[in-house]
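Data block below; observations after.
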Amino acid sequence: LDDGLEDNDSIETATLVTNVPFAYSNLSICKNSDYFSVSIPPEERIQCDIFFDHGLGDIDLALTVLPFGSSAGTSNQETLTFTNTDSDPVVATFRVYGFAGASNPNY
(Lines give C-alpha, C1' and ligand atoms only; values in the text may rest on other atoms or scores of the structure.)
Protein backbone atom coordinates (compact mmCIF):
# COMPACT_ATOMS: atom_id res chain seq x y z
CA LEU A 1 0.00 0.00 0.00
CA ASP A 2 1.63 3.22 -1.17
CA ASP A 3 1.25 6.48 0.73
CA GLY A 4 1.15 10.10 -0.41
CA LEU A 5 4.94 10.54 -0.39
CA GLU A 6 5.83 7.63 -2.69
CA ASP A 7 8.14 6.99 -4.42
CA ASN A 8 10.59 7.56 -1.55
CA ASP A 9 11.89 3.99 -1.29
CA SER A 10 15.61 4.79 -1.72
CA ILE A 11 18.17 7.44 -0.84
CA GLU A 12 18.03 8.62 -4.46
CA THR A 13 14.25 9.15 -4.31
CA ALA A 14 14.09 10.40 -0.71
CA THR A 15 11.43 12.96 0.17
CA LEU A 16 13.28 16.28 0.52
CA VAL A 17 12.22 18.03 3.69
CA THR A 18 12.61 21.78 3.15
CA ASN A 19 10.48 23.15 5.98
CA VAL A 20 11.23 22.13 9.55
CA PRO A 21 9.31 21.16 11.59
CA PHE A 22 7.86 18.66 9.15
CA ALA A 23 4.81 16.62 10.08
CA TYR A 24 2.98 14.13 7.92
CA SER A 25 0.47 11.45 8.85
CA ASN A 26 -1.00 8.34 7.27
CA LEU A 27 2.33 7.05 5.93
CA SER A 28 2.89 3.33 5.53
CA ILE A 29 5.72 0.81 5.44
CA CYS A 30 5.07 -2.19 3.24
CA LYS A 31 8.11 -4.20 2.10
CA ASN A 32 10.14 -1.04 1.32
CA SER A 33 11.80 1.54 3.51
CA ASP A 34 10.84 5.21 3.37
CA TYR A 35 13.61 7.84 3.12
CA PHE A 36 13.54 11.52 4.09
CA SER A 37 16.45 13.92 3.47
CA VAL A 38 17.10 17.26 5.14
CA SER A 39 19.96 19.76 4.92
CA ILE A 40 21.29 20.63 8.36
CA PRO A 41 23.15 23.95 8.76
CA PRO A 42 26.46 24.07 10.66
CA GLU A 43 26.14 23.69 14.44
CA GLU A 44 22.41 22.90 14.18
CA ARG A 45 20.60 19.92 15.69
CA ILE A 46 17.73 17.99 14.16
CA GLN A 47 15.43 15.44 15.73
CA CYS A 48 13.28 12.93 13.91
CA ASP A 49 10.34 11.32 15.70
CA ILE A 50 7.97 8.72 14.32
CA PHE A 51 4.80 7.66 16.09
CA PHE A 52 2.87 4.51 15.30
CA ASP A 53 0.85 1.67 16.77
CA HIS A 54 3.45 -0.97 17.59
CA GLY A 55 0.73 -3.63 17.53
CA LEU A 56 0.31 -3.03 13.77
CA GLY A 57 4.01 -3.65 13.10
CA ASP A 58 7.33 -2.65 14.66
CA ILE A 59 9.11 0.02 12.64
CA ASP A 60 12.56 1.46 13.27
CA LEU A 61 14.49 4.56 12.32
CA ALA A 62 18.06 4.92 11.02
CA LEU A 63 20.26 7.84 10.05
CA THR A 64 22.36 7.49 6.90
CA VAL A 65 24.95 10.23 7.43
CA LEU A 66 28.14 9.91 9.43
CA PRO A 67 28.10 9.34 12.29
CA PHE A 68 25.49 6.67 11.75
CA GLY A 69 22.70 6.45 14.23
CA SER A 70 19.75 4.19 14.76
CA SER A 71 16.73 3.83 16.95
CA ALA A 72 15.45 0.38 17.78
CA GLY A 73 12.78 0.94 20.39
CA THR A 74 10.02 -1.49 21.20
CA SER A 75 7.23 0.99 21.89
CA ASN A 76 4.94 3.24 19.81
CA GLN A 77 7.68 5.82 19.13
CA GLU A 78 11.17 6.02 17.62
CA THR A 79 13.45 9.07 17.99
CA LEU A 80 16.79 10.00 16.43
CA THR A 81 18.77 13.19 17.04
CA PHE A 82 21.75 14.47 15.04
CA THR A 83 23.93 17.57 15.50
CA ASN A 84 25.96 18.89 12.60
CA THR A 85 29.32 19.74 14.18
CA ASP A 86 30.84 20.50 10.78
CA SER A 87 31.46 24.03 9.47
CA ASP A 88 29.42 23.25 6.33
CA PRO A 89 25.83 22.08 5.89
CA VAL A 90 25.34 18.32 5.67
CA VAL A 91 22.48 16.31 4.22
CA ALA A 92 21.05 13.78 6.63
CA THR A 93 18.82 11.02 5.34
CA PHE A 94 16.47 9.30 7.74
CA ARG A 95 15.30 5.78 6.88
CA VAL A 96 12.04 4.43 8.30
CA TYR A 97 11.83 0.65 7.96
CA GLY A 98 10.04 -2.39 9.31
CA PHE A 99 11.92 -4.36 11.95
CA ALA A 100 12.67 -7.84 10.56
CA GLY A 101 10.59 -7.02 7.47
CA ALA A 102 7.53 -5.84 9.39
CA SER A 103 4.87 -3.71 7.71
CA ASN A 104 2.85 -0.94 9.33
CA PRO A 105 -0.12 0.69 7.59
CA ASN A 106 0.05 3.98 9.50
CA TYR A 107 2.86 6.00 11.01
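Things to note:
- S75 being more than 14 Å from the chain's Cα centre (by Cα), at pLDDT 90 or above, loosely packed, with under 12 Cβ neighbours inside 10 Å and small (G, A, S): no
- One residue stands out among those in segment 10-51 that are free of Cβ contacts under 8 Å to residues at least 60 places away in the same chain, in contact with an Asp or Glu (Cβ under 8 Å, 6 or more places away or on another chain) and assigned to a loop (DSSP other than H, G, I, E, B): the one that is nearest to R95 (Cα to Cα), which is T13.
- Of the residues making up segment 46-69, those that are surrounded by fewer than 11 Cβ atoms within 10 Å (Cβ to Cβ) and of a type outside the set (A, V, I, L, M) are G55, P67, F68.
- Total residues in segment 4-39, condition under 14 Å from Y97 (Cα atoms) and open to solvent by less than 50 Å² (accessible area, probe 1.4 Å): 11
- Taken as a whole, segment 93-107 holds no residue that is open to solvent by 80 Å² or more (accessible area, probe 1.4 Å) and without any contact (Cβ under 8 Å) to a residue 24 or more places away in the chain.
- Only one entry in T81, T74 is among the polar types (S, T, N, Q) and in a strand (DSSP E or B), namely T81.
The values are calculated or read from the model by the stated rules, or taken from the named source; none is laboratory data. Being a predicted model, the structure only gives us computed values, none of them experimental. Positions of Cβ are backbone-derived with ideal geometry, glycine not excepted, and every protein chain shown enters the neighbour counts. With ligands, DNA and RNA removed, areas are computed over all heavy atoms of the protein, side chains included. Shrake-Rupley method; radii C 1.70, N 1.55, O 1.52, S 1.80 Å.
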